[in-house]
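The values are calculated or read from the model by the stated rules, or taken from the named source; none is laboratory data. Bear in mind that the values here come from a model prediction, so they are computed numbers and not experimental data. Every residue, glycine as well, gets a Cβ built from its backbone with ideal geometry; the counts of neighbours run over all protein chains shown. Ligands, DNA and RNA are excluded from the accessible area calculation, which covers all protein heavy atoms including side chains. Shrake-Rupley method; radii C 1.70, N 1.55, O 1.52, S 1.80 Å.
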Amino acid sequence: SGPVGGIMVTLLCCCLLSSAWALVDPDDVLTKEEQIYLLVEAKEKCQRDIKAQLEKIKDPSCPPEWDGIICWPRGSPSQEVSVPCPDYIYDFNHKGKSCHAYRYCSAYGTWAMALSINKTWANYTECALLFSSESRSRQKEVFDRLHLMYTVGYSISLASLIVAVCILSYFKRLHCTRNYIHVHLFTSFICRALSIFIKDLVLYSGTAPSDAHRMREDDFRVTRKQKPPGFAFGDQPDMGISLCPQVGCKVVVTLFLYFLATNHYWILVEGLYLHSLIFMAFLSNKNYLWVLIIIGWGLPAVFVSIWASVRASLADTQ
C-alpha cells in the first residue's frame, strides 16, 4: 500500500495546486490597468515612428500623429487614410482584415475637420461593429436563450437534489458515512445552483439604461487627442445590462466560485472515502468523516480566500 499511498498523495497535491492556479484568473478579461499599459506602449512606439517620419517629410502633407487611440501615418493631400483597427484595444473588432479606421487629408495638407465640433474628423465605425445596435440585439438574443436554458436546467437539478437530500436525511436506515458524504456533495451542488440564481439576480437586475447611455456608432467618430465619448478602455460592451453595485458583484461572484470549488472537492472526497474503504479500513469512520468535511468545505474556502485577496490587490475590477 506504500506506493499506492504515495501516488494518492501526489494526485491530491496536484489537484490542490491546479485548483489554486485556476482560481487566480478565472476570466480572461483585460483589466483597465493592462489596457492603459498597452496604450502607453502604443503611444511610445507611435512617437518614435512619428519622429522618424518627420525627418523624411519634405513635400506638403498631413503630418503623422497620435490621437489617443491610433497612430496615424502621414497622409497625402486629397486622399483618405485607412489604418487597421488596433489589436491593443480590447473592445475593438479584430475579425477580418477589412476593419479599418479612416481619416481624410485635405488638399491643403491638413487633416479634415468635423465642423460641428471643430475637431479633427475620424471614422471608427468598422472598429466599433461590436457596439452596433444590430450586434447588441443579436448578442442579447443569444444570451437570453442561454440564460433560459441554464435556468431551467439548474431549476430541475435543484429540485431533484433537494428531494434526494430529504430522502437521505429522513430515513434513518440510510444514515451512514457513505450517505453523509453524498448529502454533503448534493448540498454543495444545491448551494452552487442557488448562488447562480442569486448572481443573476444581482448582476442582471434593474432597468435597462436609457439610449443616452448606450454605445452609439457615432461615438466612434472620434476627434484628435480625445477618446470616444462614453467609451471606457477595458470595459465590456453595453448590451442593455445594468452594472450592479461593485461590492455586491464581488461578493456573489466570490460565493459562486467557492461553491463551484466545493463541488470538485466533494467529488474528490468521494474518491478518498472509497480509497479508505480499501486501504485504510482500520480508521474510525466518525473521525475520518470530520477530516473529509474539512477537505470538502474548508480547503475551497482557503483557496478562494487567497484568490479574492490577490484579485482585490492586483486586479480589482468591476
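Residue by residue, here is whether (1) within 30 Å of Ile295 (Cβ to Cβ); (2) at pLDDT 85 or above holds:
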{"position": "Val4", "(1), (2)": "yes, no"}
{"position": "Cys14", "(1), (2)": "yes, no"}
{"position": "Asp27", "(1), (2)": "yes, no"}
{"position": "Arg48", "(1), (2)": "no, yes"}
{"position": "Val81", "(1), (2)": "no, yes"}
{"position": "Lys97", "(1), (2)": "no, no"}
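Residue count for segment 48-86, restricted to those that are out of contact with any Cys (no Cβ under 9 Å at 6 or more places or on another chain) and over 18 Å from Ala122 (Cα atoms): 11.
Taking first residues from segment 296-318 that are touching a residue at least 24 places away in the same chain (Cβ under 8 Å) and within 21 Å of Gln246 (Cα to Cα) and partners that are open to solvent by 50 Å² or more (accessible area, probe 1.4 Å) and of a type outside the set (Val, Ile, Thr), the Cβ contacts under 6 Å between residues at least 6 apart in sequence or on separate chains come to Gln318/Gln246.
Check whether at least one residue in segment 188-210 is among the hydroxyl-bearing types (Ser, Thr, Tyr), surrounded by fewer than 18 Cβ atoms within 10 Å (Cβ to Cβ), at pLDDT 65 or above and outside any helix (DSSP H, G or I), and report yes or no. For segment 188-210, residues among the hydroxyl-bearing types (Ser, Thr, Tyr), surrounded by fewer than 18 Cβ atoms within 10 Å (Cβ to Cβ), at pLDDT 65 or above and outside any helix (DSSP H, G or I): present.
Filtering segment 126-142 to residues that are surrounded by fewer than 18 Cβ atoms within 10 Å (Cβ to Cβ) and at pLDDT 80 or above leaves Lys140, Glu141, Val142. Within segment 258-271, take every residue that is among the aliphatic types (A, V, I, L, M) and crowded, with 18+ Cβ neighbours inside 10 Å and give me the one that is nearest to Arg192 (Cα to Cα). The selected residue is Leu260.
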